[in-house]
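The values are calculated or read from the model by the stated rules, or taken from the named source; none is laboratory data. Note that the structure is predicted; figures quoted are calculated from it, not measured. Glycine also receives a Cβ, built like all others from the backbone with ideal geometry; neighbour counts cover every protein chain displayed. What goes into the accessible areas is simple: the full protein's heavy atoms, side chains included, and nothing from ligands, DNA or RNA. Shrake-Rupley method; radii C 1.70, N 1.55, O 1.52, S 1.80 Å.
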Amino acid sequence: MSNFTFYLCLSFLIALTGFVISVIINDSSIADIFWGLYFVAIADFSFFKLHYAVLHLIIALLINIWGIRLAIHILRRKLHKPEDRRYAEFRLKWGKYFLIRSLIQNYLFQALLATIIALPIYNSLISNKAIHLNLFYVVGILIWLFGFIFEVIADKQLSSFLIIKDESHQILQTGLWRYSRHPNYFGEVVLGWAIFLVTFSTRFSLINLFSPILISFLILFVSGVPLAEKRLRKTVNYKDYINRTSVFIPLPTKKEKI
């Protein structure tokens, strides 16, 4: 069995567990909670499968810190709340085929994407070639720290805003959100490229490059920014907001036109 097949099976097992729970509690949107956990499981299995070197341990720890933090954050956001609107719309749209489509699209397909994006993780952790401390590794760690802190702060600011959100304040425009309409997604993309740099010294570096490219594409053009922008369009003063605030990369705000 190839490494990819093994970790795909592992991800599918986690996905099936999540799906069963979602059926029991009648909430398919818990699929979001499992996203980070796919990577945690892959990193832990990879590390304990072969290597115990310090540099490999650091990579595994980075993935665990990110994945568990993300899962807890989404879980807290979902507590005592109904099924997320996106998934509720799927439930109505798919009708009698909801369960099978939810299994395939919301769980198994996400597990497949996670396994592909996790390529740098298991390719580096189970490689017979040792990872050496070099410039790419050090720079990658520093960029990872920046991306992680950036994402955590953005998520915290958004969570606090949603508590006090009202008709007069529909869009978060303070803190990191003053300089980017999606600073949390920016931090996520930075993390993906950082892990690629950390694992750049392995013999699988060219294959690993597919991972940050894929996560960047998904966030920028598929499930991240586009869906968030769709929700923002329904808010007041959306046009003024997008004219002065960068869509993704944090930049100084533009002066409002008089």
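Taking the numbered list (1) open to solvent by 30 Å² or more (accessible area, probe 1.4 Å); (2) under 14 Å from the mean Cα position of the chain (by Cα) in turn, LEU218 passes all entries but (1).
Counting residues in segment 109-121 that are out of contact with any helix residue (DSSP H, G or I) (no Cβ under 9 Å at 6 or more places or on another chain) and either more than 20 Å from PHE39 (Cα to Cα) or among the hydroxyl-bearing types (Ser, Thr, Tyr) (or both) gives zero. Can TRP35 be described as under 16 Å from LEU112 (Cβ atoms) and in a helix (DSSP H, G or I)? Yes; evaluated as a whole, the condition is true for this residue. Applying the condition of being touching a residue at least 12 places away in the same chain (Cβ under 8 Å) and more than 21 Å from the chain's Cα centre (by Cα) to segment 99-127 and asking which residue is least open to solvent (accessible area, probe 1.4 Å) yields SER127.
Selection of first residues in segment 144-163 that are open to solvent by 30 Å² or more (accessible area, probe 1.4 Å) and of second residues that are not in a helix (DSSP H, G or I), restricted to Cβ pairs under 7 Å at least 6 apart or on distinct chains, gives the following pairs, ordered by first then second residue: GLN157/LEU172; LEU158/LEU172.
Flag set for ILE249, criterion: open to solvent by 30 Å² or more (accessible area, probe 1.4 Å), in contact (Cβ under 8 Å) with a residue 24 or more places away in the chain and under 24 Å from the mean Cα position of the chain (by Cα). Is it true that ILE65 is open to solvent by 70 Å² or more (accessible area, probe 1.4 Å), under 15 Å from the mean Cα position of the chain (by Cα), closer than 25 Å to PHE136 by Cα and not polar (S, T, N, Q)? Considered against the rule, which asks whether it is open to solvent by 70 Å² or more (accessible area, probe 1.4 Å), under 15 Å from the mean Cα position of the chain (by Cα), closer than 25 Å to PHE136 by Cα and not polar (S, T, N, Q), ILE65 comes out as yes. Filtering segment 197-227 to residues that are touching a residue at least 24 places away in the same chain (Cβ under 8 Å) and either in a loop (DSSP other than H, G, I, E, B) or aromatic (Phe, Trp, Tyr) (or both) leaves THR199, PHE200, SER201, THR202, ARG203, PHE204, PHE210, GLY224.
Looking across segment 144-190 at every residue that is assigned to a loop (DSSP other than H, G, I, E, B) and of a type in the set (Ser, Thr, Tyr), the one that is nearest to the chain's Cα centre (by Cα) is identified as SER180.
Of all residue pairs spaced 6 or more apart or on separate chains, those with beta-carbon atoms under 8 Å, a first member in segment 68-94 that is within 16 Å of ASN106 (Cβ to Cβ) and a second member that is among the basic types (Lys, Arg) are GLU83/ARG91; ASP84/LYS78; PHE90/ARG101; TRP94/ARG101. Residue-level check: of (1) at pLDDT below 95; (2) of a type in the set (Phe, Trp, Tyr); (3) in a helix (DSSP H, G or I); (4) more than 24 Å from TYR185 (Cα to Cα), PHE90 misses just (4).
Once segment 38-62 is narrowed to residues that are in a helix (DSSP H, G or I) and free of Cβ contacts under 8 Å to residues at least 24 places away in the same chain, the residue that is most open to solvent (accessible area, probe 1.4 Å) is PHE48.
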